[in-house]
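Please read the structure below before turning to the comments.
The values are calculated or read from the model by the stated rules, or taken from the named source; none is laboratory data. Being a predicted model, the structure only gives us computed values, none of them experimental. Glycine gets a Cβ as well: all are built from the backbone with ideal geometry, and neighbour counts include every protein chain shown. For the accessible areas, the whole protein counts, side chains as well, though only heavy atoms, and no ligand, DNA or RNA atoms are used. Shrake-Rupley method; radii C 1.70, N 1.55, O 1.52, S 1.80 Å.
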2 protein chains.
Amino acid sequence: MVDILHRVGIKTPSVDNVYQAITTIEGLSNWWTIDTKGDGAIGGVLEFRFPAGGFDMKVLELEPGKRVLWQVVDGPAEWIDTTVSWELKQSDEYVIVLFKHLGWTEPVEFMHHCSTKWATFLMSLKALVETGQGSPDPDSVRIGDWH
Amino acid sequence: MVDILHRVGIKTPSVDNVYQAITTIEGLSNWWTIDTKGDGAIGGVLEFRFPAGGFDMKVLELEPGKRVLWQVVDGPAEWIDTTVSWELKQSDEYVIVLFKHLGWTEPVEFMHHCSTKWATFLMSLKALVETGQGSPDPDSVRIGDWH
């Protein structure tokens, strides 16, 4: 099993600002993909759609202001049954986001791509919370031939 | 052991443009850190310095237009003896960069940070090759409290 790990610091006075952005349809659609639907409650399924496909994430854990855990229940074969974990903590003027996309079976080239793409989406999340303006799909930062 | 993996596609007609940017002092100083010195030949040591510290990389392998391998011989404790691998290949109008920072002992929080920061430096490399303008330190993209 191999994992994608990231950490960003978002300059904002409250972890709730970040927690809202990763747990509500409005928040998620403003930094990841504008085509976000579904049910963000525990046991619900969030549906993220992109021009090239999409992911369905079942919400396994929600700890307000602290932790979110999703399980991929539909999407590319390599993503199925992987989990996406978010941990938040305040550190002085920053909210620290520890992000993990866990449980890839193999370090395939697509995983390398997703690792870099997650980083740019986390920078989009950071920009959204700090400035009110993220860069969700279909206008996300292009990192190469695989978008 | 845990690894940082990334993939970017750089729109450029020749792998040599990317190879030069990751193997010469001038190239490296234009996307990673302006304070780059040392010897980029096999067996030589490249010295990268940042406001907060730096890394010394011994050049283990150089395969023009294809592959570069560095070993970290000085720097933060977590980086010592890790390796940084670059693989290049042309795919239509893109040069694909497969990047691996291999051999971290533990998935510490600093590794999460370095993973995200590498992604932003790879985007700086992409911008340098595509537009002539990267964002090397000390003016690299800030991703949080750890710069």
- In the range A:26-131, the trypsin sites (Lys or Arg not before Pro) that sit in a DSSP loop and have at most 16 other Cβ atoms within 10 Å of their own Cβ are A:Lys66
- Could you point to the residue in A:Gly53, A:Thr24, A:Val72 farthest towards the positive end of the range A:2-131's charge dipole, with +1 and -1 charges on the Cβ of Lys/Arg and Asp/Glu respectively? A:Thr24
- Message: How far apart, in nanometres, would the label points at A:Glu61 and B:Ile34 be if each is projected 7 angstrom from Cα along the Cα-to-Cβ direction?
- Response: 4.4
- Task: For every helix of n ≥ 4 consecutive DSSP H residues, a contribution of -39,500 (n - 2.57) applies; sum these over chain A, divide by its total residues, and give [θ] at 222 nm rounded to the nearest 500 deg cm²/dmol.
- Result: -8000 deg cm²/dmol
- Return the distance in nm (one decimal) between the two label points of a simple spin-label model at A:Ile42 and B:Glu26, each offset 7 Å from Cα along Cα→Cβ. 6.1
- Kirkwood hydrodynamic radius (C-alpha pairs) into Stokes-Einstein, the protein assembly as shown, 25 °C and 0.890 mPa s, D in µm²/s: 126
- What is the range A:80-145's relative contact order, in percent, from Cα pairs under 8 angstrom and six or more apart in sequence? 20
- Item | Per-residue SASA entry for B:Tyr19, accessible area with 1.4 Å probe, Å² rounded to 10 | 20
- Prolate/oblate/rounded call for chain B, Cα gyration tensor, a/c under 1.5 rounded: rounded
- Env charge @ B:Gly75, Cβ radius under 12 Å, K,R +1 / D,E -1, value -3
- Message: Could you sort B:Asp92, A:Asp16 by their accessible area in this structure, using a 1.4 Å probe and putting the largest first?
- Response: B:Asp92, A:Asp16
- Item | Efficiency of FRET from Cβ geometry, B:Ala52 and A:Glu106, R₀ 35 Å, rounded to 0.05 | 0.50
- Item | Modelled FRET efficiency - R0 22 Å, A:Lys11 with B:His147, Cβ distances, 0.05 increments | 0.95
- With Cα atoms, 0 to 90° folded angle of helix B:109-131 axis to chain B main axis: 20
- Note on the structure: Net charge near B:Glu93 (other residues with Cβ under 9 Å of its Cβ; Lys, Arg +1; Asp, Glu -1) is -1
- Counting only the heavy atoms of the protein chains, how much of A:Val15 is accessible to a 1.4 Å probe, in Å² to the nearest 10? 30
- Message: Quick check for you: with a 1.4 Å probe and neighbouring chains kept, what is the accessible area per residue of the protein assembly as shown, in Å²?
- Response: 42
- Note on the structure: chain B: relative contact order from alpha carbon pairs under 8 Å, six or more residues apart, as a whole percent, is 30
- Note on the structure: Interface call, the range B:85-121: threshold 50 Å², probe 1.4 Å, accessible heavy-atom surface of protein chains, chain by itself vs complex, result B:Tyr94, B:Glu109, B:His112, B:Thr116
